[in-house]
1. Where in segment A:66-106 are there strands (runs of 3 or more DSSP E), lying wholly inside it, with at least 1 residues that are acidic (D, E) and touching a Lys or Arg at 6+ places or on another chain (Cβ under 9 Å)?
2. Name the residue that is surrounded by the fewest Cβ atoms within 10 Å (Cβ to Cβ), counting only residues in segment A:869-883 that are more than 12 Å from chain B (Cβ to nearest Cβ) and within 25 Å of the chain's Cα centre (by Cα).
3. Could you please tell me which pairs satisfy a Cβ distance under 7 Å, a separation of 6+ or placement on different chains, a first residue in segment B:1-20 that is at the interface with another protein chain (Cβ under 8 Å from one of its Cβ atoms), and a second residue that is at pLDDT 75 or above?
4. Go through B:E91, B:E139 for me and flag whichever is in contact with a Gly (Cβ under 8 Å, 6 or more places away or on another chain) and more than 14 Å from every other protein chain (Cβ to nearest Cβ).
5. Looking only at segment A:173-182, decide whether some residue is among the polar types (S, T, N, Q), farther than 22 Å from A:P411 by Cα and in contact with a His (Cβ under 7 Å, 6 or more places away or on another chain).
6. Exactly one condition in (1) surrounded by fewer than 20 Cβ atoms within 10 Å (Cβ to Cβ); (2) farther than 19 Å from A:N368 by Cα is false for A:L275; which is it?
7. Only residues that are surrounded by fewer than 16 Cβ atoms within 10 Å (Cβ to Cβ), more than 7 Å from chain A (Cβ to nearest Cβ) and at pLDDT below 90: list them for segment B:114-131, please.
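The values are calculated or read from the model by the stated rules, or taken from the named source; none is laboratory data. As the structure is a prediction and not an experimental result, all values here were calculated from the model. Every residue, glycine as well, gets a Cβ built from its backbone with ideal geometry; the counts of neighbours run over all protein chains shown.
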Amino acid sequence: MNGEKLWKIFQQQDADRDSVDLVNIEPRAAMSRRTFIELIGFSAAAAALAGCRAPEQKIIPFITQPMAEFTPGVGLFYASTCGGCSASCGALVKVRDGRPIKLEGNDLHPLTGGGLCAVAHAMVFELYDSDRLRQPMRGSQAATWDEVDAEIKKQLDGIKQNGGKVRVLTSTITSPTTLAVIEKFLTQFTDGKHITYDAVSTAAIRKAHLKTHGREAIPSYKFDAAKLIVSFGADFLGTWIAPVEFTRGYSQARNLRDGRHEMSRHIQFESRLTLAGSNADRRVKVSPAEEIESLLLLAKLVAAKTGQQAPAEIASFNPTNLNPRLQQVVEQTANELVKLKGASLVVSGANDTDAQVVVNFINNALGNYGATVDLNAPSAQKQGDDEAMAELVREMNAGEVKALIISGVNPAYDHFARNEFTSGFAKVPLKISLNPTRDETSANADFICPQSHFLESWNDAEPRRGTFSLSQPTIAPLFQTRAYQESLLRWSGDERNFYNVLREHWKENIFAKDANFDELWDKSLESGAYTIERTAAAQPAFASSDVGNAATRLKTRAMTLAGKLTVALYEKILMRDGAHANNPWLQELPDPITKITWDNYASVSPALAEKLQLEEGSVVRVSNGATTIELPAHIQTGQHDDVIAIAVGYGRTHAGKAGNNIGANAYPFVSFDNGTFQYLANGASIEKTGAKIEFASTQRHHTLDGRPIIKEFTLAEFISGHAGEGERERQSQSIWKDHAYGEHKWGMVVDLNACTGCSACILSCQAENNVPVVGREEVRRQREMHWIRLDRYFEGDGETTKVVYQPVMCAQCDNASCESVCPVLATVHSSEGLNMQVYNRCVGTRYCANNCAYKVRRFNWFDYPHDDEIANLALNPDVTVRTRGVMEKCTFCVQRIEEKKILARNEGRAIRDGEIQTACQQSCPAQAITFGDLVDQESRANHLKHDERDYILLPELNLRPAISYLAKVRNTEEA
Amino acid sequence: MSLRTARIVSLVVTVVGAIVLLQNATFSWLGNQQGYEPVQPIAFSHKIHAGDNQISCLYCHSAAEKSRVAGIPAASVCMNCHSQIRKDSPEVQKIAAALSDNKPIQWVRVHDLPDHVAFNHSRHVSAGIKCQQCHGPVETMERVAQFDSLFMGTCVSCHRTHREVTLDKTGKPVIAKEATPKRLMASTDCSVCHH
């Protein structure tokens, strides 16, 4: 550690200790001991009455014995593709007794490996969302498929005869077969067009590549091959294009395990604190104007240093808004980039074609095309075409569109000019929504033909050209829903089901003609992915003709932004564009940086807050003239004073019971400019309303009282062996006798250098262990139930904010402080080193939680609702659903340990290292978590425990935790 | 509910509960299902099948080797034999009807452990524990009744005395007589069954 003070809460920065009163961490019960015992008598008597005869239960076996692989009570894994966003990550779906209960990463997937993001884990809950439509609707009336099909076909036939525009509006579709189905549907009409719309768009990257390389494409970015990453506001670890794939590559290039001493370097220029920026080795806080000028200056310097011919506008560029310090930082960055020519990567998160053109210019000058940026294998993710969407809104308002079919989009909520969209929508004679719920847009449609969930449907995906994956149904549709592709097929007069269409498409277009189709299909279905080997081809040539004009426009843009307050819109890692707002798992997941749940807010810098006399939670009115919204303010260190950052995806009105009226809708701040949606709204004003709310924030909860628990080194310190210095003592003296471990002793190592804070582990754990959602009010009372707490520590002043993430779950201590205080032996030590938590013994004294040094125990204050019979289908039958008054916590997924132990013993062999994977470990995109048997001297976990960066939390307490951490290393040396 | 009401209700419930419970002749212990012998929708006799005709338990309960549950056979499994044998029996015709009507048979569950207990059949079957150890002489039962209390004491007393089971070369389970440092007894850790 470099002696810098770490802090978690903004107000805490100057205080010596966190002000949380340790004694009152769990609120006291207002009940005497005597009353408590009397009431226990009542409960016992009631239980006795209920228990004199158990209710009769039925066992209902199959009528016909299913396939041989199916065994009741045994989970089966099916390779599939996540449909949570357009990234189309490879997933394994765990199916228990016919119902999908968990998504895991598919380690055979070439792009995402075994990683998944938080949103993917929450998708199971969405399958069992009882707010989904259960049958097709005609307006607000329930109908049957035959009825709606007949009426829709009749109306479409009318359009076929009379002519008129038919438009299909969808979110990004990475499925080649679906695109073929849409195309086939549209060929029936004289003027049919498919429009792709993404609420949060990256269209500028495609437009920029059309200008500079002649290809309208998003290239694939290779974060694993880059030795130096320079990002201008792109949150590539959080939300940008394909965060799981990028996180995987990024952490591979920064892996310091197994004696590696090299890691990539990451410099981030940004105005608000993003997840990627929080992981950067050097984070440069800039205003939006400074960000643009830094990019231009970087282009100029890189061109000069590489001898690249630069247009006059760039060669003569002189920054007007950059102070000398920033100019120096940009110069250093340029020097580093030039040193690592061909092994660096510059990206920008701006949806501004001009900025992307300049980025392309820099990457080209550095020779990164072909090395870290590949246009020959373009990405098919995020294909939204902002111009086409604007044209559609115009056509609709002009009354030209005769039929509009929407799928997976909700422009009545997330289009910046939603009033314009809805007025145009109302003028379309035939409006069909294929969305699964009656959302803001569907509510005004003539027909809603709800699509099946992706876990109920066949599909395919080609997230990157040449990399295919399949999606297979893991349950029959729960409701009267239909795959949207099948709806389009019916209306094209094609009666085939989509499965046959899919197979035929793969046979014709994807597999080689001479291949054995069935064999290849089965293999692809089993592994979930199929890759077409490409022959290496040269990258398309770079044309610099547009760079000059782009630079000129950027200069003007920087001038207009300079010194003005700007609203910066962004996606939260959990809520993304708001499509999944009705998912309580996502609503309750704390944002990794702000730690706030169940809300969006206007993030302001500490200086701006002081100027406006804002406190955390003060409600402010943010306006840019055209749009005004009221939101509570959140004071965010590391944010530039010129920026108010607001997350989109909130303020839904037709999401469902969990998502309605949470936060405020910030989409109206978006503008359409220069052919793309702009997520920066300049000329904003902010004023205090006087009201104040309390956030459901977890940042103060379960704190370790300011004790130093993060270890961090610079790469130079690490290489010179300093990581092993300092306290490594594992005290040997104890009043307790040592545990004698026989067969196994389970342990875990978490690499803080790999962890990016993406929070996927929290939701993976929640899905695996039936962790309940408690709601906003209860989170305010510190009663959230997540078994993994992702601690986030800030370091440094507001200028150079550095962030460290640390997942903390039960450490399964050998000298556990919880075990010695439990009066009923509900928490005891197992012969394999686990702190077992025996729910049926627990009487809820909460002594254990109070005595836990790591604050990882969670108490069930209520019987959290399990009255939604459909939602209950998401429960894992291998894990007890805890009742009120019971303490619970992580036990290293003991159900998974037992399952694999039984399997190994039944097969008469030892457990293989790596065979047992905890839920958090399995889907970590950064592979930060390693679990294993510490008795096994050869195990991976044991190996990592001997890493020089290995340390344990609070060693002075001599708790001997089974979890240790590998210290964070920052590559602060200039390359 | 105020505390005062709770006290009164508590007292009344306790007294009434005690009277109700003590009148019940079959009651021996809280929640004990020992001897539970519900009438099943089909008068299936384990005595005829497992006893007289010596059909292996695992023929029908095939999941017991692979899963935590033993599994109830699908109607189609019954018809493997009954499409030839005793086709005219009214009970067999009920199975045939279930198949032809596509209506599953709703058996009444006899052995039902609490939800917080995870018992795994496969481990015990592979370890060579006989089904009768817990289920009693099912091969003599016309109608299945719960033989054992299936209380935790039953499980733990066995786990305390049984050694680690391994398979010999022929695949036969061998129960080690002595615990060695590496080879422990069947575990009595809580988390083996409770998670």
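1. A:99-105
2. So the residue we want is A:N872.
3. Here the result reads none, with nothing in segment B:1-20 linked to a residue that is at pLDDT 75 or above.
4. Matching residue, one of B:E91, B:E139: B:E139.
5. Checked against the condition, which is being among the polar types (S, T, N, Q), farther than 22 Å from A:P411 by Cα and in contact with a His (Cβ under 7 Å, 6 or more places away or on another chain), segment A:173-182 yields at least one hit.
6. Every condition holds for A:L275 apart from (1).
7. B:P114, B:G128, B:K130
Residues are listed down the side, and each one gets a yes or a no for (1) under 31 Å from the mean Cα position of the chain (by Cα); (2) at the interface with chain B (Cβ under 10 Å from one of its Cβ atoms); (3) without any contact (Cβ under 8 Å) to a residue 12 or more places away in the chain; (4) closer than 24 Å to A:F125 by Cα:
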position: A:Y839; (1), (2), (3), (4): no, yes, no, no
position: A:T845; (1), (2), (3), (4): no, no, no, no
position: A:N851; (1), (2), (3), (4): no, no, no, no
position: A:F862; (1), (2), (3), (4): yes, no, no, yes
position: A:D867; (1), (2), (3), (4): yes, no, yes, yes
